[in-house]
Amino acid sequence: VGLPSAVHDPFEYLIEVMNRAGAEADRPLAALQDTASWVAVNHARFFGRHTQNAAGYDHIPSHGWAGAWDSSDEWKFVGITSPVLKSVLADFGYAPSEILTSWDERGWLIRGSGRNRTKPVRVARAQARCYCLTRACIEAVMYDD
């Protein structure tokens, strides 16, 4: 055809590009997996899963509460405060607004009233607006069947 020979194997390049595209194909799911893992290892930062000192007083985490997570076996959601969740997502390299929009569209968030994607949740003695991830979505990414 008159073109110079390829320096790299074009099929090897194609496979590499396809693998990279596949890894980023479902960023909202990857973000949920990363967030669920973060929640699990930081469980003591959530009111309801926190520790108490010997006198029975709540141990307040040094970075403050990340949200609320009922300690009963019947918990329905993990509530993560807006600043904490946005920071966690950004630290993992995700665009928080895009991820939260996708999570909302997929029904992974328990919405507040009206157009609110956050809802008021009791965190210690305060009411805070939290993004509430459903138990079903957390369990779907944390447990292999």
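The values are calculated or read from the model by the stated rules, or taken from the named source; none is laboratory data. Remember, it's a predicted structure, so these values are computed and weren't measured experimentally. Methodologically, a virtual Cβ is constructed for each residue, glycine included, from the backbone with ideal geometry; neighbour enumeration extends over all protein chains shown. Keep in mind that these areas ignore ligands, DNA and RNA; they rest on the heavy atoms of the full protein, side chains included. Shrake-Rupley method; radii C 1.70, N 1.55, O 1.52, S 1.80 Å.
A compact table of results
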read-out: Helices (runs of 4 or more DSSP H) lying entirely in the stretch 1-109 (those with 2 or more residues that are modelled with pLDDT of 95 or more); value: 27-41, 82-91, 96-105
read-out: Index of the failed condition, residue 109 passing every other in (1) aliphatic (A, V, I, L, M); (2) in contact with a Leu (Cβ under 8 Å, 6 or more places away or on another chain); (3) surrounded by fewer than 16 Cβ atoms within 10 Å (Cβ to Cβ); value: (3)
read-out: Test result for residue 138, closer than 15 Å to residue 31 by Cα, open to solvent by less than 30 Å² (accessible area, probe 1.4 Å) and out of contact with any Lys or Arg (no Cβ under 8 Å at 6 or more places or on another chain); value: yes
read-out: The lone exception for residue 82 - which of (1) touching a Cys at 6+ places or on another chain (Cβ under 8 Å); (2) surrounded by fewer than 13 Cβ atoms within 10 Å (Cβ to Cβ) it fails; value: (2)
read-out: Output for the stretch 123-141, where each listed residue is farther than 15 Å from residue 46 by Cβ, assigned to a helix (DSSP H, G or I) and either among the polar types (S, T, N, Q) or in contact (Cβ under 8 Å) with a residue 40 or more places away in the chain (or both); value: 137, 141
read-out: Qualifying residue in the stretch 112-122 (condition: in a helix (DSSP H, G or I), surrounded by 15 or more Cβ atoms within 10 Å (Cβ to Cβ) and in contact (Cβ under 8 Å) with a residue 12 or more places away in the chain); value: no
read-out: Near pairs, Cβ below 6 angstrom, 6+ apart or cross-chain, from the stretch 35-50 (farther than 16 Å from residue 121 by Cβ and without any contact (Cβ under 8 Å) to a residue 60 or more places away in the chain) to any residue that is in a helix (DSSP H, G or I) and open to solvent by less than 40 Å² (accessible area, probe 1.4 Å); value: 38/88
read-out: Residues (open to solvent by 30 Å² or more (accessible area, probe 1.4 Å), under 23 Å from residue 87 (Cα atoms) and among the small types (Gly, Ala, Ser)) located in the stretch 46-66; value: 62
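Residue-wise test of (1) hydrophobic (A, V, I, L, M, F, W, C); (2) open to solvent by less than 50 Å² (accessible area, probe 1.4 Å); (3) within 17 Å of residue 117 (Cα to Cα).
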residue	(1), (2), (3)
68	yes, yes, yes
75	yes, yes, no
91	no, no, no
96	no, yes, yes
100	yes, yes, yes
